[in-house]
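Could you have a look at this structure, given as structure tokens, before my questions?
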Amino acid sequence: MGTRLGSPCDKHKHPKLLQLVKTSSLGTETSPLLANSTLTSMARPKPDHFLLVVLVFLISTALCFFHGMSWQVAQDDDGMSWLNEEDDEVDIVQTRHDPSRSCNFVSGKWVFDQSYPLYDSNCPYLSSAVTCQKNGRPDSDYEKWRWQPHGCSIPRFDALKFLGKMRRKRIMLVGDSIMRNQWESLVCLVQGVIPTGHKKVTYNGPSMAFHALDFETSIEFTWAPLLVELKKGPGNKRILHLDLIEENARYWRNVDVLVFDSAHWWTHSDQMSSWDYYMEKQTVFQSMNPMVAYEKGLTTWARWIDLNLDPRKTRVIFRSMSPRHNRENGWNCYNQRQPLTFSSHQHVPEPLVVLNEVLRKMSFPVYLQDITAMSALRRDGHPSVFRRAMTQEERQHPRGFSSDCSHWCLPGVPDIWNEMLNALL
């Protein structure tokens, strides 16, 4: 804790202060505290002089007391201040966002802004399937729209401020390929301010992590599209265990900020389904209402969060489902160049209803980042046929290729999700 240096009110350190306290108006060295016992044999000083001496003594005593306390606190903090600073940083992440007092991000409109995008489409961390410009998409206006909530604004993403908030912390995005889409966006938003040689990507099982080395910050993605466990069973059949999660959840421990999504895979049916059977409490089900299964899986996730995480140490956000713009022919997003001004589907998607109900029952505070309605207006933002590079001849007959109306071109819509995420932190 350091060597004691002596009190600031030590008489050897402050002789003038002590002299002022002990000298009466008569020039004696008698302390004012003893004045009453000596005044019987001495001429009583004038009242105004006596009061002045008492007042000076009381003020000086108070100064010594508080100065001594501050000295003691400073001494106790010696060598420990960096720990307190780190605790403060964690508290900021946990408590700064109060949804009841802040901006409602859900209601708003898309505004064209020439200052966007916030990074170059040549970002080296982008998957080829979302680099629509490289793949030959002829227009680029889809990169220049930002979301403007009614009555407030989402702060423009500042990479250095984000890294400052996340210094010595881990943020992990958990989910499906659209969450991977968002992870690539977040990495590209950040990586431009980090010099070459001061950043790297590592891999661990289903996880990958971008490291900002100077900040000791990691931005991670973990593959878990259903959150609960999907395993091979007898006869090589795929079994979705609605009540098992630890195989995936072991990667979520000791993370400062967790961002989840899970919806799309639950809505796959027939040949698109990723499992053959459901299992719950050792009972096998050949079929189940998808939303009933989704609720069971989310409840297993919610129970794990409630039992295993500490809200003082970990912030949890659940991002709502990203809308798809597919029709049966898969061409509803092809050749779209402008956002919609309103959605023809005003109802709340059933997975979002289920998610809200599960979150409502949790004891752990989870923030729902609702991007569904705003993203539903952006059918222009998907790769469509530009999920891969095409030859000039292929571009003459684009309808011969499958169209991706689920994922998002980057730069693009997920950048705005990450601006919202940054505002929440």
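Might you check whether a residue that is assigned by TED's automatic domain parsing to the domain that holds M321 and closer than 30 Å to L307 by Cβ occurs anywhere in the range 372-386?
Checked the range 372-386: at least one residue is assigned by TED's automatic domain parsing to the domain that holds M321 and closer than 30 Å to L307 by Cβ.
If you don't mind, there's one more thing I want to ask. Which of the residues belonging to the range 158-173 are under 16 Å from E419 (Cα atoms), touching a strand residue (DSSP E or B) at 6+ places or on another chain (Cβ under 8 Å) and not in a strand (DSSP E or B)?
Result: L163, M166.
A quick yes/no check of all residues on (1) buried (at least 20 other Cβ atoms within 10 Å of the Cβ); (2) over 17 Å from V413 (Cβ atoms); (3) among the charged types (D, E, K, R):
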residue: D113; (1), (2), (3): no, no, yes
residue: S121; (1), (2), (3): no, no, no
residue: C132; (1), (2), (3): yes, no, no
residue: S140; (1), (2), (3): no, no, no
residue: W147; (1), (2), (3): yes, no, no
residue: G151; (1), (2), (3): no, yes, no
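Please specify each residue of the range 199-211 satisfying the condition of being surrounded by 12 or more Cβ atoms within 10 Å (Cβ to Cβ) and in a loop (DSSP other than H, G, I, E, B).
Passing the criteria: only P206.
Ok, one more. Name every residue in the range 376-399 that is crowded, with 21+ Cβ neighbours inside 10 Å and among the β-branched types (V, I, T), in order of residue number.
Correct list: V385 only.
Any residue at all in the range 289-300 that is more than 21 Å from the chain's Cα centre (by Cα) and in a loop (DSSP other than H, G, I, E, B)? Write out each step before concluding.
Step one: list which residues in the range 289-300 are more than 21 Å from the chain's Cα centre (by Cα), which gives 289-297, 299-300.
Filter again for in a loop (DSSP other than H, G, I, E, B), leaving 289.
Within the range 289-300 (the criterion being more than 21 Å from the chain's Cα centre (by Cα) and in a loop (DSSP other than H, G, I, E, B)), the answer is yes, since at least one residue qualifies.
Do we have any residue at all in the range 251-262 that's in contact with a His (Cβ under 8 Å, 6 or more places away or on another chain) and in contact (Cβ under 8 Å) with a residue 24 or more places away in the chain?
First, the residues of the range 251-262 that are in contact with a His (Cβ under 8 Å, 6 or more places away or on another chain): none.
No, because not a single residue in the range 251-262 is in contact with a His (Cβ under 8 Å, 6 or more places away or on another chain) and in contact (Cβ under 8 Å) with a residue 24 or more places away in the chain.
Are any residues in the range 104-120 more than 24 Å from the chain's Cα centre (by Cα) and either in a strand (DSSP E or B) or within 25 Å of M208 (Cα to Cα) (or both), and if so, which ones? Full working, then the answer.
Going residue by residue through the range 104-120, those that are more than 24 Å from the chain's Cα centre (by Cα) are 111-115.
Those that are more than 24 Å from the chain's Cα centre (by Cα) and either in a strand (DSSP E or B) or within 25 Å of M208 (Cα to Cα) (or both): V111, F112.
Next up: Hey, can you tell me all the residues within the range 212-229 that are part of a strand (DSSP E or B) and surrounded by fewer than 18 Cβ atoms within 10 Å (Cβ to Cβ)?
Of everything in the range 212-229, just one residue is part of a strand (DSSP E or B) and surrounded by fewer than 18 Cβ atoms within 10 Å (Cβ to Cβ), namely W223.
Consider the range 174-189. How many of its residues are outside any helix (DSSP H, G or I) and crowded, with 24+ Cβ neighbours inside 10 Å?
2
Determine whether the range 229-243 contains at least one residue that is under 30 Å from G412 (Cα atoms) and touching a helix residue (DSSP H, G or I) at 6+ places or on another chain (Cβ under 7 Å). Spell out how you get there, then give the answer.
The initial filter retains those residues of the range 229-243 that are under 30 Å from G412 (Cα atoms), namely none.
No, there is no match, as no residue in the range 229-243 is under 30 Å from G412 (Cα atoms) and touching a helix residue (DSSP H, G or I) at 6+ places or on another chain (Cβ under 7 Å).
For the range 303-339, how many residues are surrounded by 21 or more Cβ atoms within 10 Å (Cβ to Cβ), in contact with a helix residue (DSSP H, G or I) (Cβ under 6 Å, 6 or more places away or on another chain) and in a helix (DSSP H, G or I)?
0
Now, a different point. Quick check on my filter: what residues within the range 239-277 are outside any loop (DSSP other than H, G, I, E, B), at pLDDT below 95 and either touching a strand residue (DSSP E or B) at 6+ places or on another chain (Cβ under 6 Å) or of a type in the set (V, I, T) (or both)?
Result: T267, Y277.
Now, a different point. Can S153 be described as touching a residue at least 40 places away in the same chain (Cβ under 8 Å), under 30 Å from W265 (Cβ atoms) and not in a helix (DSSP H, G or I)? Don't jump to the end; show me each part of the working.
Values: touching a residue at least 40 places away in the same chain (Cβ under 8 Å): yes; under 30 Å from W265 (Cβ atoms): no; not in a helix (DSSP H, G or I): yes.
Judged against the criteria, S153 is not a match.
Still on this structure, I have one more. For a quick check of your reading of the model, give me the residue pairs whose first member lies in the range 231-243 and is more than 8 Å from D276 (Cα to Cα), whose second is of a type in the set (A, V, I, L, M, F, W, C) and part of a helix (DSSP H, G or I), with beta-carbon atoms closer than 7 Å and at least 6 apart or on different chains.
L242/A293
Still on this structure: For Y203, are the conditions met, namely being in contact (Cβ under 8 Å) with a residue 60 or more places away in the chain and either within 21 Å of M374 (Cβ to Cβ) or over 18 Å from the mean Cα position of the chain (by Cα) (or both)? First the steps, then the outcome.
Details: in contact (Cβ under 8 Å) with a residue 60 or more places away in the chain: no; either within 21 Å of M374 (Cβ to Cβ) or over 18 Å from the mean Cα position of the chain (by Cα) (or both): yes.
Against the criterion (in contact (Cβ under 8 Å) with a residue 60 or more places away in the chain and either within 21 Å of M374 (Cβ to Cβ) or over 18 Å from the mean Cα position of the chain (by Cα) (or both)), Y203 does not qualify.
Among the candidates E295, E280, E247, single out the residue that is free of Cβ contacts under 8 Å to residues at least 24 places away in the same chain, more than 26 Å from A423 (Cα to Cα) and surrounded by 14 or more Cβ atoms within 10 Å (Cβ to Cβ). Write out each step before concluding.
Details: E295 fails: free of Cβ contacts under 8 Å to residues at least 24 places away in the same chain; E280 fails: free of Cβ contacts under 8 Å to residues at least 24 places away in the same chain.
It is E247.
The values are calculated or read from the model by the stated rules, or taken from the named source; none is laboratory data. Note that this is a predicted model, so its numbers are computed, not measured. Note: ideal-geometry Cβ built from the backbone for every residue, glycine included; neighbour counts use all protein chains shown.
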